[in-house]
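Where a number appears in this text, it was derived from the coordinates with a stated rule and is not lab data. In this text, all values refer to a predicted model and were calculated from it rather than measured experimentally. Quick reminder, even Gly has a Cβ in these numbers, built from the backbone with ideal geometry, and neighbours come from all protein chains shown.
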Amino acid sequence: MSLTASITGRAELRRLAAQIKAVGDKGMAREMSAALRKAGKPVAESVRREAIAAMPARGGYRAEITRSLKFRVAQRTGARTASLTLTTYADGTKERRDIRALDDGRLRHPVYGRSRRIKRGPRAGTAQPNPWSMTRIRAGFHRRGTDGAADEAAREIGKVLDDFASRLLKG
């Protein structure tokens, strides 16, 4: 499960991408894509800081989420829109962590040291895996992280657009 945040708009980005496409400079298009992905990095770091602050200090989950939290930054230019998309996900040991539940304030975790014995049936006397518990955490870390860094990302995107527009005018 992953969460996505988008920064949309910037008519300049649309026009600039169309100009690069018209010029046919593949290297410049790749360079612009890389620069826009780099502009999304402050948003990812802000989300990471908020996630770490939201996790409980005890139990080791804060360190666990720090290691497993990953981001994918992609930019897309369409006929009418341009967007920068940040996808947040975290890999667990067997499956992806439920980032949406964490963002809603629900941390599901095993309770160590408490196992149940099966009393009847063919597996009587064997221990069943640890039961799971739900801990409430501060909700909205993803939204706070993206909102907190959106202005900085927009400024970075503006710098990228200005740079590429001036390069196109020179060329």
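Points worth noting:
- Between the amide H of Q75 and those of T85, distances stay under 5 Å, these residues lying 5 or more places away or on another chain, with hydrogens modeled in the peptide plane.
- Cβ-Cβ distance of R58 and R37, R₀ of 25 Å, FRET efficiency by 1/(1 + (r/R0)^6): the value works out to about 0.10.
- Legend: calculated FRET efficiency, D147 to S68, from the Cβ-Cβ distance at R0 = 22 Å, rounded to 0.05, equals 0.45.
- The stretch between L169 and T85 holds 27.5 nm of extra length on full extension. This uses 0.36 nm per residue minus the Cα-Cα distance.
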